[in-house]
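Visitor: The structure is given below, and queries will be raised subsequently.
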Amino acid sequence: MTSVSLHTAVTQTAHEIETMETRGAAPIAKAAATALKTQAVEPDYETPHSFRATLRAAGRTLHETRPTAVSLPNALRYVLRRIDGETIPEQRSAVAASVDEFIMHLEHAQEDLGRVGANRLKNGDTVMTHCHSTDAIACVETAVLQGKEITAIVKETRPRNQGHITARELTEMGVDVTLIVDSAARRYLNTVDHVLVGADSIAADGSVINKIGTSGLAVNARDRGTPIMVAAQTLKLHPETMTGHTVEIEQRAETEVITEGERAAIGDPQIENPAFDVTPPRYVDAIVTERGQFPPESIVILMRELFGDGVDEPWVEP
Ligand code: RI2
């Protein structure tokens, strides 16, 4: 026997990531790491080999859920690479320690990033947001805690209307929020000081992969002269893009776009539902990370520093 069955925490977390109950690149990374810790603690393993094989299988199950957000493989890599020890108790504590360390880094990273992003926001500024990003929200939250008055124009972000989450969270922190439909964005860009978005992945050339609609917003913002700021922890840097790989864009269910009944009523057209798009670096002014802000073209320097030791896939069977 090489592995024991997966803990429900793993299958449940995978399900929640797949169905987007757990979403946002940073929250996905935290949930996946936490599931690995539970998998390490709970079942009875026969041998250290079986322990490793099961953790690897858990990593595979989590990895298969959503293809675009690189925070997921980066989290799995962080934990699975650190299964040190000859005995099961040693391996267990190695997993627990690396998960705790990973989550602590994640939380500090968002705080540090928030401080960097807040420096770009002045008292009285208006930001336009797209989708819901905990990294982007952290920048506004820090600015508000510094006593700055911030106003937000929040795009609803079809098809799942995740802008509603942004509207609620910003309102709760005292930001004056106006919700608009996505197609109204250009009309409001003249009154906006910053476009502020998150990222699911950042490629080595500085391209930003984020929720569908980001690239159109960025092109419009550039045309209007509105700066575009991307808030993304270094966990969002996509190491495989340093060696020529491209980022897979997730296609989601057609029913997120239209109900079966509505679709039938308009002649049953084909439906496409890409979750993300790619914004080229020339439309991005700054990528704000916990390590400071970077012009997109120079992000590869940070990537080399962080991922210089290669990008193995420790969830794959040897
Ligand atoms: P944080 C979201 O994708 C959005 O595209 C958002 O900008 C990005 O994740 C980053 O989120 P989805 O998971 O990590 O909603 O900043 O499809 O929270």
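Visitor: Quick one: if you stick a label point 7 Å off each Cα along the C-beta vector at residue 42 and residue 103, how many nm between them?
Guide: Reported label-point gap for residue 42 and residue 103 is 1.5 nm.
Visitor: OK, next. Gain in length, residue 223 to residue 190, computed as 0.36 nm per residue apart minus the alpha-carbon separation, to one decimal in nm?
Guide: 10.9 nm
Visitor: Of the DSSP beta bridges with both residues in the stretch 63-214, give the percent that are antiparallel, rounding to the nearest 5.
Guide: Within the stretch 63-214, antiparallel bridges account for around 15 percent of the total.
Visitor: Which semi-axis lengths, in whole Å and largest first, follow from the square roots of five times the eigenvalues of the Cα gyration tensor of the stretch 66-123?
Guide: 32, 14, 6
Visitor: Roughly speaking, what is the centre-to-centre gap between the stretch 179-203 and the stretch 38-69 when only Cα atoms are used, to the nearest Å?
Guide: Rounded to whole Å, the Cα centres lie 38 Å apart.
Visitor: Still on this structure, please answer the following. Under a point-charge model restricted to the Cβ atoms of Lys and Arg (+1) and Asp and Glu (-1), what is the dipole moment magnitude of the chain relative to its Cα centre, in debye to the nearest 20?
Guide: Charge dipole of the chain: 720 debye, to the nearest 20.
Visitor: Now a separate question. Roughly how tilted is helix 134-145, in degrees to the nearest 10 and between 0 and 90, from the longest Cα axis of the chain?
Guide: 60 degrees
Visitor: Determine one quarter of the surface area of the Cα convex hull of the chain, which equals its mean projected area, and express it in nm² to one decimal.
Guide: Details: hull surface 70.6 nm².
Average projection, Cα convex hull of the chain: 17.7 nm².
Visitor: Please express the Cα-Cα pair-distance distribution P(r) of the stretch 8-110 as a list of whole percents, one per 10 Å bin, running from 0 to the bin with the greatest distance.
Guide: 17, 51, 28, 4
Visitor: Excluding residues fewer than 8 places away in the same chain, name every one of the lysines whose C-alpha is closer than 29 Å to that of residue 30.
Guide: Correct list for residue 30: 155, 211, 236.
Visitor: Looking at the chain only, what percent of DSSP beta bridges run antiparallel? Nearest 5 please.
Guide: Restricted to the chain, the bridges split so that about 35 percent are antiparallel.
Visitor: Another question, then. With r defined as the distance between the Cβ atoms of residue 94 and residue 246 and R0 fixed at 45 Å, what FRET efficiency is calculated, to the nearest 0.05?
Guide: Here the calculated transfer efficiency is 0.85.
Visitor: Quick one: length gained pulling residue 317 to residue 305 fully straight, 0.36 nm per residue minus the C-alpha distance?
Guide: 1.5 nm
Visitor: On to the next question. Calculate, for residue 11 and residue 119, the FRET efficiency according to 1/(1 + (r/R0)^6) with r their C-beta to C-beta distance and R0 51 Å; round to the nearest 0.05.
Guide: 0.75
Visitor: Report the gain in length on full extension from residue 266 to residue 173: 0.36 nm times residue separation, minus Cα-Cα distance, nm rounded to one decimal.
Guide: Numbers: separation 93, 0.36 × 93 = 33.48 nm, distance 4.18 nm.
Extra length from residue 266 to residue 173 when fully extended: 29.3 nm.
Bear in mind that the values in this text are calculations on the coordinates, not laboratory data. No experiment lies behind these values; they were computed from the predicted model shown. Cβ coordinates were reconstructed from backbone atoms using ideal geometry, including for glycine residues, and neighbour counts include every protein chain displayed.
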